[in-house]
Amino acid sequence: MNLYISSDMEGVAGVCAWEQVDARTPHPEYATFRRYYTHEVTSAIDGARAAGVTGVLVNDSHGPMRNLLLDQLPPDVRVIFGNRKPFSMVQDADGGFGGAFFVGYHGGAGEADAVLCHTYTPTVIYEVRINGVTCSEATLNAGLLGYHGVPLLLVTGDRTTVEGVRAQMPWVRGVVVKESIGNFAAASMLPPEAQRAIRDGAEAAVRDAGQAKPYRFDPPITLDVQTVTAAQAHLIATIPGFERTGHRSVRFTHDSYPVVFKAFVATWRLGAMA
Amino acid sequence: MEGTAGVCSWKQCDPSDAHEYPIFRRYMTLEVRAAIEGARESGATGFVVNDSHWSMRNLLLDALPAAAGLRVISGAPKPWSMMQGLDAAPDAAFFTGYHAKAGDCATLSHTYSESIYSVAVNGTPCSEALLNAALAGSYGVPVVLITGDRTIVEESTRAMPWTVGVVVKDAIGFSAVNSLTPHAACEAIRAGAREAVGRVARAKPFVFDSPFELTIETVAVEHADFIELMPGFERIGGRAVRFTSTDYPTLLRAFIAATRIAAAANPIA
């Protein structure tokens with residue numbers, strides 16, 4: 001089986017502050033946590049390999065998307081590195097994968113007790129719903145994987161995030177590496193224990209892959225975005241096909257989920273200009 | 001503002017400039033005032049002035065004529081950008097202080113954004129004047145006056161022969177001009193505006209034929225990367241995208257959105 005891994009950083013064991021995950025204005029702590037992050041990814045790969053996975057594609061999906069310490073990864077995986085990918089955290093998910101992992105994921109915008117919770121762009125996205133379902137990044141990304149027939153098998157992160165994903169996709173195995181205390185503190189496993197738990201979870205997830213299902217949204221697909229400010233909705237409403245549904249809300253409907261996904265990416269890219 | 005007499009540098013048009021901008025925003029205001037006065041002398045009564053440059057709050061409001069029936073649109077961003085306010089159903093439109101399109105050998109030439117290398121509708125290369133005229137045209141509103149440098153005025157009056165053109169300067173490349181003085185430019189604009197209002201009955205709305213095809217070439221690949229995210233845009237090259245519609249306002253809005261999302265690609269991530 002070929003495996004797709006989308007890896008984020010806020011859900012890594014020990015992470016509780018933006019400084020630890022901010023690659024753009026690197027704080028000394030970033031260098032430490034990027035190492036923990038890399039090791040959680042390699043643990044997931046090790047576990048998957050123990051259950052028979054052969055090909056692995058890792059999509060570095062955090063911040064500028066060039067955080068992984070490449071020389072720490074098994075030499076025979078492939079890596080998607082770098083920023084501004086049209087399908088962002090789930091770029092190139094259409095390559096015939098038998099399953100996917102979300103490693104180091106975090107809660108959606110507005111979730112209590114989810115460290116550093118946000119949905120793509122905290123300064124723009126207040127809430128996003130697809131066909132009425134409130135979406136975290138995991139939900140949105142699983143929808144694109146599902147469109148390509150790829151089921152999500154594993155999610156790792158804090159308890160709120162993991163339980164949120166499992167509520168929407170009960171077949172997904174969860175590895176809880178920390179309990180969030182509000183948005184900026186966590187009671188966490190130490191990195192070695194988290195890495196062991198992720199390795200074991202990954203192995204079990206691949207073994208149980210037969211029970212997993214692609215997560216799909218049925219067309220017509222309606223995207224509702226609530227923005228943080230009215231000025232952002234004002235700009236986003238100028239995207240072709242978008243409708244202003246309120247002072248701080250816009251809507252877009254289309255039959256194709258990839259079109260909707262890219263339109264969502266456009267909302268926060270344009271909204272950031274307001 | 002770039003087509004105002006004397007303007008030859010971004011500094012004169014940049015609201016953050018503390019030295020030259022305050023002078024040239026006054027010249028811009030005086031040219032707008034001259035256009036209004038000329039139009040009133042020919043019987044125009046109501047006016048909407050849409051400040052359409054940069055931050056779109058350049059006009060010195062207390063230097064505009066204190067006339068009843070004059071409204072000013074200030075600020076940005078506006079959904080219709082340089083063409084906000086057509087819902088007032090005017091009988092005709094003036095374009096003052098306009099500049100040449102991206103790529104022209106003319107003063108501060110550009111088209112909406114410095115990320116745009118070129119833009120065409122139905123294969124016709126477009127300046128801001130032509131894009132905007134076609135929006136006015138789709139509401140039945142003719143453009144009867146254009147002022148600016150020789151390049152934009154001559155190109156626009158070729159496309160719209162009913163439009164009065166007032167050339168206030170000749171470009172010497174991108175950042176130098178051979179210009180009328182502000183006083184002489186205002187006199188010429190006032191006379192042009194007077195004549196333009198007299199031509200309204202013979203003027204025609206400028207329109208492209210439906211279906212409309214917008215093609216944009218961007219300066220860099222990353223600009224097209226972002227524009228392509230938006231529904232309805234098709235990537236036709238490394239630095240090229242296309243959008244089609246049977247509704248011109250939809251097309252122009254898509255273009256405006258494209259210029260804005262392209263700008264988001266400019267900061268290094």
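Values quoted throughout were computed directly from the atomic coordinates according to the rules given, and no laboratory measurement underlies them. No experiment lies behind these values; they were computed from the predicted model shown. Cβ sites come from the backbone with ideal geometry, for glycine too, and all protein chains shown count toward neighbours.
Structure notes:
- With Cα atoms, 0 to 90° folded angle of helix B:182-198 axis to chain B main axis: 80 degrees
- Look at the stretch B:223-231: the mean tally of other chain Cβ atoms within 10 Å of its residues' Cβ atoms is 6.
- Computed from Cα atoms, the angle from the helix B:128-138 axis to the main principal axis of chain B rounds to 90 degrees.
- Put in line by how crowded their Cβ is, counting other Cβ atoms within 10 Å and starting with the fewest, B:D149, A:D208, B:D225 read A:D208, B:D225, B:D149.
- Across peptide B:256-265, the mean count of Cβ atoms from other chains lying within 10 Å of each residue's own Cβ comes to 5.
- Binning the C-alpha pair distances of chain B at 5 Å intervals from 0 yields a P(r) profile of 1, 6, 13, 17, 20, 17, 13, 7, 3, 1, 0 %, listed from the shortest bin outward.
- Lys, Arg +1 and Asp, Glu -1 on Cβ, resulting dipole of chain B about Cα centre, debye, nearest 20: 460 debye
- Cβ-Cβ FRET estimate between A:R216 and B:R235, R0 fixed at 30 Å, reported to 0.05: 0.70
- Cα gyration tensor of the protein assembly as shown - equivalent ellipsoid semi-axes, whole Å, descending: 55, 22, 20
- Positive-end ranking of B:G103, B:P182, B:L214 along the dipole of chain B, with charges on Cβ about the Cα centre, is headed by B:P182.
- Dipole moment magnitude, nearest 20 debye, segment A:221-271 about Cα centre, only Lys, Arg, Asp, Glu C-beta charged: 140 debye
- When you restrict to C-alpha pairs under 8 Å that are six or more residues apart and normalise by the size of chain A, the relative contact order lands at 22 percent.
- Charge dipole of segment A:124-274 about the Cα centre (unit charges at C-beta), most positive-ward option of A:T161, A:A263, A:M189: A:A263
- The peptide list A:254-260, B:132-138, A:3-9, A:195-201, put in order of mean Cβ contacts within 10 Å with the highest first, becomes A:3-9, B:132-138, A:195-201, A:254-260.
- Check: segment A:1-146 dipole with +1 on Lys, Arg Cβ and -1 on Asp, Glu Cβ, in debye: 320 debye
- For segment A:221-271, the normalised intensity computed at q = 0.14, 0.23 Å⁻¹ comes to -0.27, -0.73 (log10 of I(q)/I(0), Debye sum over alpha carbons, equal scatterers, no solvent).
- Among B:V49, B:G232, A:H118 - extreme Cα towards positive end, dipole of the protein assembly as shown, charges at beta-carbon: B:V49
- Bridge type composition, chain A - antiparallel percent by DSSP, nearest 5: 45 percent
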